[in-house]
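Working notes, beginning with the structure itself.
The values are calculated or read from the model by the stated rules, or taken from the named source; none is laboratory data. Predicted model, so just to flag it, every value in this text is computed and none were measured. Note: ideal-geometry Cβ built from the backbone for every residue, glycine included; neighbour counts use all protein chains shown.
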Amino acid sequence: MSPRWYWAKRYGNGSCKYANLWMYATVKNILTNEVYTGNLIQNQTGSRSYKDDTMIYKPESEWIRHEALHEAIISPEVWNEVQAINRERTRLSADNAPPKPFLFTGKLICADCKAPLQGNRETQRRKNGTFKKYVSYFCSRYTASGYGACSRHTIYEMTLAELVLSEIRAHAEALELDEAAMLDRLQAQRTAADAERQESVRQEIGKLRRRVYELEQMTAKLYEDKVCGSISAVSFAVLLEKTEQERRQRTDRLDTLLAEVREYEQSAADIQSWAAVVRKHLHIWELDRETVDELIDRIEVGEKTVVDGKNVRDIKIYYRFVGNI
């Protein structure tokens, strides 16, 4: 169990709101903490000075080391082997080329767990002895926690770029062929998806407006009754506060729904904006990061499955302005 769950089972109420997953940082700290070998390291952190309480990591020369202070649970051989692996991984990272943003960084989402997909550079050796570099993406939650949390969802950047490029060109060609029909189809698609919600919103707006008007009339009547002496000052204050509180609540809800209606009515302009951007890419032959940022909001990548002996994968592209089309 993870530390949180261990504590909850042993000392808490037996349940925990957090997932029972081990995180990278926790595992890394364990693999570099000498306390498991029986040593205790102190004075690793401290304040800058007596005038500055900011905590900093101190240089190793200032650490205080207590050797064999308690019984070890990790042998020196295992510890040294792990540290050698850590140093090798650090060396490999340092020798890599300076990092460049991947084509789809920040745009890919796991369709199952909704975690972002992270990029990875790979080098494959060909049969003729040459090497080819690839970029692949896979679910970050799977990477952190394994199959207990999600599956790998691996997809190569080259494959995804060809798919996205093909779809962008198809949309651009459809606009070139019959722009009016394409825009009408998009508007109809959005209207069909939102029609029921919009009708419900408009009905609620009508009810709210009537109720706000009634409350305003009630407030005016309260002032008249107070002036006429029909109610006491205390009763007036109590009833006025109650009426005003409901009026504010209804007015806030009305403002929220009116904003939603304005956003919906903006859809026609959004479709025109999308069309203007896509139209520029009619003759595009290569996908670059600028185009991805300009057109793509996000891409949901499903896991690969086998249907009738063929590999099938569900990939949904959500464009800026119009979403998935």
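Worth a mention:
- Checking Asp112 against (1) surrounded by 11 or more Cβ atoms within 10 Å (Cβ to Cβ); (2) among the acidic types (Asp, Glu); (3) at pLDDT below 85, the condition it does not meet: (3)
- Pairs, first assigned to a loop (DSSP other than H, G, I, E, B) in the range 10-39, second among the basic types (Lys, Arg) and exposed (fewer than 13 other Cβ atoms within 10 Å of the Cβ), C-beta under 9 Å, six or more apart: Asn39/Arg65
- Every residue from the range 257-279 that is under 26 Å from Glu176 (Cα atoms) and free of Cβ contacts under 8 Å to residues at least 24 places away in the same chain: Glu265, Gln266, Ala269, Ala276
Yes/no matrix, rows are residues, columns are (1) modelled with pLDDT of 90 or more; (2) of a type outside the set (Gly, Ala, Ser); (3) under 21 Å from Val278 (Cα atoms):
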{"site": "Arg141", "(1), (2), (3)": "no, yes, no"}
{"site": "Arg152", "(1), (2), (3)": "no, yes, no"}
{"site": "Glu173", "(1), (2), (3)": "no, yes, yes"}
{"site": "Arg185", "(1), (2), (3)": "no, yes, yes"}
{"site": "Val201", "(1), (2), (3)": "no, yes, no"}
{"site": "Gly206", "(1), (2), (3)": "yes, no, no"}
{"site": "Tyr213", "(1), (2), (3)": "yes, yes, no"}
{"site": "Gln217", "(1), (2), (3)": "yes, yes, no"}
{"site": "Glu224", "(1), (2), (3)": "no, yes, no"}
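- The set of residues in the range 116-139 being crowded, with 19+ Cβ neighbours inside 10 Å and touching a Cys at 6+ places or on another chain (Cβ under 8 Å) consists of Leu117, Cys139.
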